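Below: the structure, in structure tokens.
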Amino acid sequence: MAFDSGSVSFRLFYLQHAYDSGLIDAFAKHAAPPISSLNRDPISGWVTGRHLFDREITEEKCLFGPYLHAQLMRAEKKVPAPLLRAHLSLEEDIELRARDADFLPRAVKAEIQQRVTESLLPNMPPTLSSIPVVVDFRNGLLLAAALSDKQIDTLSPAFKETAGTLPILLTPDTAALRRKQVNANDLEPVSFSPDTTLEPPVESALGMDFLTWLWFAWEKEGGVYHLPDGREFGVMLEGPLTFFREGQGAHEAVLRKGTPLNSREAGTALFCGKKLKRAKVVIAHGDEVFSATMDADFAIRSLKLPKGEQTEPAGKFEERMLSAETFWTAWLCLYDRFLDQRTDPKQWPKTLDAMRKWIAHIGPAADE
């Protein structure tokens, strides 16, 4: 999903080096080979954010104020599975008749598949995929539409080869260390359930702890907070909701329809020791409203940005990136607030007690 229009889904990465517009030369040096050079082996490299065939990486096309916008493109030839199966069946039938046999050895089938694949590949059109990225020079961050582990494993070494350093994925653990010098491994796992018979979690899960705390804080505090520069913003949660807990029974529960935040099922999930793993988060800043589905690992999915005022492409792109920054800045500001409470030996026990009473009030125990 591109960054220049519509909703955006991305992960944030910390950059280990301060880059500037000179980075464009490194991206140009590692531009993707021309599609015409594609044979049996896949090819990959950088292209502009405009389209996957634009290999001309220049300041004019890729630099927008303090942002570098590009895409990591991959091209390969694939034989569609139905077409391959049909050709394999045809060739295997011929081989069976030639051998006057009822079945073919595994090695023969493998040889036929290799031969058929190699004969079909040259005539296959290229299959293209990409990972759009934005290098934010001002904040020292990389925004990348790499949500899966496979995409992250593809992007990270490619960026290191280009820029010289490996980007560090922004997760609850890395953010805690960077922003508050808090090592997640030093925190004792915690259960929010008022049911004392439940076994405590084996490992600390800062992301799910934070999301669950945010739900509690929003309901108890009214959801009005301030950015570091003093600007006020409001936050609220919406469904669908995904709950998770390691252990016996159902590990994951998803509530989609109706008003899941007010449902008995949500209270039951919390009472049973589950924590919030994914929820829709709405942030309002002045007249602007942002909404995204937030994962406990801090993946930002389907972020809807306010309609901007800029019409010129460069100005519009900068405006969208500043809007995205407002959202993730507010999100991390809330996380800072959580970390301050989580690491306060006097405040955290009080918060934990209040959360357990809140869960007891909305959980199944409230009906007794």
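The values are calculated or read from the model by the stated rules, or taken from the named source; none is laboratory data. Everything numeric here is computed off the predicted structure, so don't read it as measured data. Quick reminder, even Gly has a Cβ in these numbers, built from the backbone with ideal geometry, and neighbours come from all protein chains shown. Heads up: the accessible areas ignore ligands, DNA and RNA and are worked out on the full protein's heavy atoms, side chains in. Shrake-Rupley method; radii C 1.70, N 1.55, O 1.52, S 1.80 Å.
Below is a table of values for the structure above.
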item: Inter-residue pairs, beta-carbon under 8 Å, first over 13 Å from residue 298 (Cβ atoms) and without any contact (Cβ under 8 Å) to a residue 40 or more places away in the chain and in segment 321-333, second open to solvent by 10 Å² or more (accessible area, probe 1.4 Å) and outside any helix (DSSP H, G or I), 6+ apart; result: 323/288; 323/305; 323/306; 323/308
item: Helices (runs of 4 or more DSSP H) wholly inside segment 36-143 containing at least 1 residues that are touching a strand residue (DSSP E or B) at 6+ places or on another chain (Cβ under 9 Å) and closer than 30 Å to residue 328 by Cα; result: 59-62
item: One residue from 18, 32, 81, 86 being of a type in the set (Gly, Ala, Ser) and open to solvent by less than 30 Å² (accessible area, probe 1.4 Å); result: 32
item: Subset of segment 256-292 that is of a type in the set (S, T, N, Q) and either in a loop (DSSP other than H, G, I, E, B) or over 19 Å from residue 333 (Cβ atoms) (or both) - its residue that is nearest to the chain's Cα centre (by Cα); result: 259
item: Output for segment 221-269, where each listed residue is open to solvent by 30 Å² or more (accessible area, probe 1.4 Å), hydrophobic (A, V, I, L, M, F, W, C) and in contact (Cβ under 8 Å) with a residue 24 or more places away in the chain; result: 236, 244
item: In segment 270-286, the residues that are touching a strand residue (DSSP E or B) at 6+ places or on another chain (Cβ under 9 Å), over 18 Å from residue 325 (Cα atoms) and open to solvent by 20 Å² or more (accessible area, probe 1.4 Å); result: 272, 274, 277, 278
item: Complete set of residues in segment 196-220 that are surrounded by fewer than 16 Cβ atoms within 10 Å (Cβ to Cβ) and either within 26 Å of the chain's Cα centre (by Cα) or modelled with pLDDT of 85 or more (or both); result: 202, 203, 219, 220
item: Sole exception among (1) aliphatic (A, V, I, L, M); (2) under 30 Å from residue 137 (Cβ atoms); (3) open to solvent by 40 Å² or more (accessible area, probe 1.4 Å) for residue 94, by number; result: (2)
item: Any chance residue 332 is in a helix (DSSP H, G or I) and open to solvent by 20 Å² or more (accessible area, probe 1.4 Å); result: no
